[in-house]
1. Tell me which residues, restricted to region 91-112, are part of a strand (DSSP E or B), of a type outside the set (A, V, I, L, M) and open to solvent by less than 30 Å² (accessible area, probe 1.4 Å).
2. Would you be able to say whether some residue in region 289-306 is more than 20 Å from A89 (Cα to Cα) and crowded, with 19+ Cβ neighbours inside 10 Å?
3. Do we have any residue at all in region 119-138 that's acidic (D, E) and either in contact (Cβ under 8 Å) with a residue 12 or more places away in the chain or open to solvent by less than 20 Å² (accessible area, probe 1.4 Å) (or both)?
4. Let me spell it out: the conditions are (1) touching a Lys or Arg at 6+ places or on another chain (Cβ under 7 Å); (2) without any contact (Cβ under 8 Å) to a residue 60 or more places away in the chain; (3) of a type in the set (S, T, N, Q); (4) open to solvent by 40 Å² or more (accessible area, probe 1.4 Å), and N210 meets all of them except one. Which number is the exception?
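The values are calculated or read from the model by the stated rules, or taken from the named source; none is laboratory data. The structure presented is a predicted model; accordingly, all values stated were derived computationally and were not measured. Here the Cβ positions follow ideal geometry from the backbone for every residue, glycine too, while neighbour counts run over all protein chains shown. Heavy atoms of the whole protein, side chains included, go into the accessibility calculation; ligands, DNA and RNA do not. Shrake-Rupley method; radii C 1.70, N 1.55, O 1.52, S 1.80 Å.
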Amino acid sequence: MRKNQNISFELQLARLLFITLFSLLAKPVFAQESVVSTKEQEGKEADGVKIEPAVSILQRRGKADSQLVAIPFSIAQHKLNYVLPVSWAKDPNNISADGLDDYNLDRFEAKYQISVKFPLYLHEENTSGLYFGFTAVSFWQVYNGKISKPFRETNYEPEIFYSFQNDLSILGFEFNQIQVGFNHQSNGQSGARSRSWNRLYASALFSDANAFYYVKTWYRIPEDAKQDINDTTGDDNPDITHFLGHIELGVGTKLGNFDLLTLIRNNLNFNDNKGSLELNFSYALSNRYNLLLQYFNGYGDSLIDYNRHQQRIGFGVQLAFF
């Protein structure tokens with residue numbers, strides 16, 4: 001029964017991947033009919049009212065980042081920052097903390113993510129430059145009084161990357177950013193609990209007035225095989241790319257006071273397809289905070305669960321992202 005459920009999910013994921021790719025390729029064609037270029041809008045007036053140039057959904061965030069990184073010792077958001085006081089996972093792994101087992105593991109837990117970046121070197125004319133980023137995501141058994149409420153898993157992700165900012169506009173799309181970098185991710189454990197990998201990656205980010213899109217791909221840096229599971233050196237998870245994939249697609253859009261961010265990962269192996277889908281649906285409480293409903297289905301909910309099919313739903317608060 002479980003195998004059939006996985007196959008059904010993978011078919012749905014493949015369909016969603018196809019729809020997303022189609023929309024990314026097709027939208028520039030339709031945009032020609034509905035979007036007037038910035039140069040055409042500049043200087044035009046209608047009934048004595050000046051028409052402002054179209055502003056893409058990420059230009060507002062880009063301006064805020066520019067103002068922030070201009071201040072010495074400042075930091076900015078990198079990925080989403082949120083706290084989910086309540087989240088429910090269908091099949092969490094119990095090996096990641098002492099005292100956890102199938103009988104006392106609580107499927108209700110808190111999840112939070114902190115993600116920041118700061119510049120190491122910037123060009124004077126824009127925010128292009130070299131950055132350091134850091135993301136930590138934790139899964140806390142805060143309601144599990146039976147075993148003193150431990151942190152079940154924490155994943156650490158430092159990275160260094162070069163970001164190329166530009167103002168190129170084609171067919172209503174702003175091509176905002178290209179990044180290339182090095183990324184390390186691990187859970188800080190040892191022995192059989194250890195999970196880690198290193199990647200070189202490249203990503204492209206573009207947007208229009210109503211949405212932004214990005215595509216990210218990576219190359220895993222090979223490691224030597226372990227001679228023993230308890231070795232402190234060697235590959236902790238040689239099959240991790242089979243489950244976490246080789247590509248990630250993202251789509252973010254505003255729906256009135258609501259924001260929707262969709263993240264899709266896939267291994268592009270149609271004989272044994274694996275991947276994940278994450279939906280972040282948020283409602284603006286203020287210019288700074290949003291209520292957040294998050295849903296995850298697939299592989300890679302956490303590093304300890306990288307090869308374990310997982311479903312999770314959580315509710316909480318996030319910092320406004322776009």
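1. The answer is E109, K111.
2. The answer is yes; a qualifying residue exists.
3. No, because not a single residue in region 119-138 is acidic (D, E) and either in contact (Cβ under 8 Å) with a residue 12 or more places away in the chain or open to solvent by less than 20 Å² (accessible area, probe 1.4 Å) (or both).
4. It fails just one condition, (2).
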